[in-house]
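To start, the structure under review is shown below, and the notes come after it.
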Amino acid sequence: MESHHPWSTFIVLPLCGILLFNVSMNGATTTSALPVRLVGGRTPCEGRVEVLYQHSWDTVCDDDWSATDANVVCHQLGCGSAISAPCCAAFGQGNGSVLMDNVGCTGSESYLSYCPHNGWHSANCGHGEDASVVCKALPVRLVGGRTPCEGRVEVLYQHYWDTVCDDHWSVRDANVVCRQLGCGSPISSPCCAAFGQGNGSILMDNVQCNGSESSLSYCPYNGFHSHNCGHHEDASVVCQASGTAMVTMSAETFAMNSVDSQSAGGSDLITADKNVSAYYGGVAVLECIYSGSREVNSVKWANQSSGDVKAERSTGEDHLPDARIKFVESNGKRDGSIIIYPIHLGDIGTYTCSYDVQGEKPMEKIVILSLIPYPGLPIPLKIAIPILVIGLFLLIPGIVFFLYKKGYLSILAKC
């Protein structure tokens, strides 16, 4: 039997370690899953490539930099696929060291640091050759509405559909969402989880689009997952889908409804949309805003015919008997506009918006909410389907009686 000398172990193992170290550093691949980020772009999904190595964010040289390498970066960040792989410090020059050079990804790697390269800090580049990446815009969808062109705004990031906070949410932001989805122009930009609360994370807050962006992710905002919101503040959008006759109102609607500038209380300090139209099951925003300088004690909405209070806000307290009705503003009494979602048949009618203002007589505005018929559907499906089921239920006994009288039941029994 051949014997093994213990001293061989102390020679062979160190030699193997040196050999493996040289292979990993000279080119092939590394097994360290290092974080990566994109800096200097409009969103976290575009910019100069930087890799976190030994507590320092270092750059990558653009020698041999390609769309395949850029794709790996985009996938690692959860930003979809790459649009381009700019060279030459397209998003500005970085600081510190150049970490990687001659990167040669195959495209199947889950981390940029898994791709072959010269080795850490083995580069012949300056920061004028910093590599960059532009990933595709993050996908957007609208959830909870009657069509794909209305609902709660959700953005796909790192394989999850996250929501958007309604802080500073406006019709300009809605315009970008509608355009990105191919849904035409915006009709309204409801706040306050008008289409229900989302799940998971809140991705964006304080979004402030100028309205010309091609994607919501290209608009200015706090940064991914940087927010002070809950899901009760999820932002929503209602678009005017191309080729349809959808009409809904809001405080931001484009003068679609007539504005009543004469107050029932003898004051012109309240602005309100007099005629409001909405679909059955849809969303409507009833506008009522006090523009005077005096202190507001309270604002109240009531059904004119029944006198039932639908919403009331006084100092430090909201009274909302119906969970479908919310105030547009999260606080303050000068904007007493309310959201109703979803619209029921019982909501149709005339409403009174009343302001109690210090030093003024009570002021009121009348708002009329009416129903818009669906194109080609005179009766809402939620009404038509129960009627159809009841009709069939009543028809079945008649059919059985007819078969009995004709003797068909006995014939069937013999079969």
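Only the coordinates and a few stated rules stand behind these numbers; no lab work does. Treat the numbers as computed from the prediction; the structure is a model and nothing was measured. Positions of Cβ are backbone-derived with ideal geometry, glycine not excepted, and every protein chain shown enters the neighbour counts.
Provide the FRET efficiency to the nearest 0.05 for the Ser32-Gln197 pair, computing r from the beta carbons and using R0 = 41 Å. Please report the intermediate quantities before stating the final value.
Values: r = 40 Å, r/R0 = 0.97.
Given R0 = 41 Å and the Cβ-Cβ separation, E is 0.55.
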(request) Amide H neighbours of Ile187 under 5 Å, at least 5 residues apart or on other chains, H built in the peptide plane: list them. (result) Val238, Cys239, Gln240
(message) At a 10 angstrom cut-off on C-beta neighbours, averaged per residue, how do the peptides 223-230, 277-284, 44-51, 187-194 rank from highest to lowest?
(response) 187-194, 44-51, 277-284, 223-230
(request) Please list, in chain and number order, the residues 5+ apart from Ala311 or on another chain whose amide H is under 5 Å from its amide H, with Hs placed from the backbone. (result) Trp301
(request) Kindly identify the stretch 140-240 as rounded, prolate or oblate by the Cα gyration tensor criterion: order the square roots of the eigenvalues as a ≥ b ≥ c, call it rounded if a/c is under 1.5, otherwise compare a/b with b/c, prolate if a/b is larger, else oblate. (result) rounded
(request) Mind ranking 390-403, 72-85 by how tightly packed they are, going by the mean number of other C-beta atoms within 10 angstrom, highest first? (result) 72-85, 390-403
(request) Pop out the ³J(HN,Hα) list for the stretch 349-355 in order, Karplus 6.51 cos²θ - 1.76 cosθ + 1.60 with θ = phi - 60°, rounded to Hz; leave Gly and Pro as x. (result) x, 10, 10, 10, 9, 10, 10
(request) At 7 Å along the Cα-to-beta-carbon direction for both Leu320 and His159, put a label point, then send me their distance in nm to one decimal. (result) 3.5
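Just order 356-369, 90-103 by mean Cβ neighbour count inside 10 Å, highest at the front, would you?
Details: 356-369: 17.3, 90-103: 18.8.
The packing order, highest mean first, is 90-103, 356-369.
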(message) Using the basic label-point model (7 angstrom from Cα toward the beta carbon), what is the Leu395 to Thr350 distance in nanometres?
(response) 4.2
(request) Write down the Kirkwood hydrodynamic radius of the stretch 82-157, to one decimal in angstroms, obtained as one divided by the mean of 1/r over all alpha carbon pairs. (result) 15.5
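For the stretch 17-135, what is the Kirkwood estimate of the hydrodynamic radius, computed as the reciprocal of the mean inverse distance between distinct Cα atoms, to one decimal in Å? Could you put the intermediate results ahead of the total?
Details: mean 1/r = 0.0726 Å⁻¹.
The Cα-based Kirkwood calculation yields 13.8 Å.
Per the Cauchy relation, a quarter of the hull surface: what is the mean projected area of the convex hull of the alpha carbons in the stretch 259-372, in nm²?
6.5
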(message) Can you give me the long-range amide H partners of Ala284? Hydrogens built in the peptide plane at 1.01 Å from N, cutoff under 5 Å, separation of 5 or more residues or another chain.
(response) Ile340
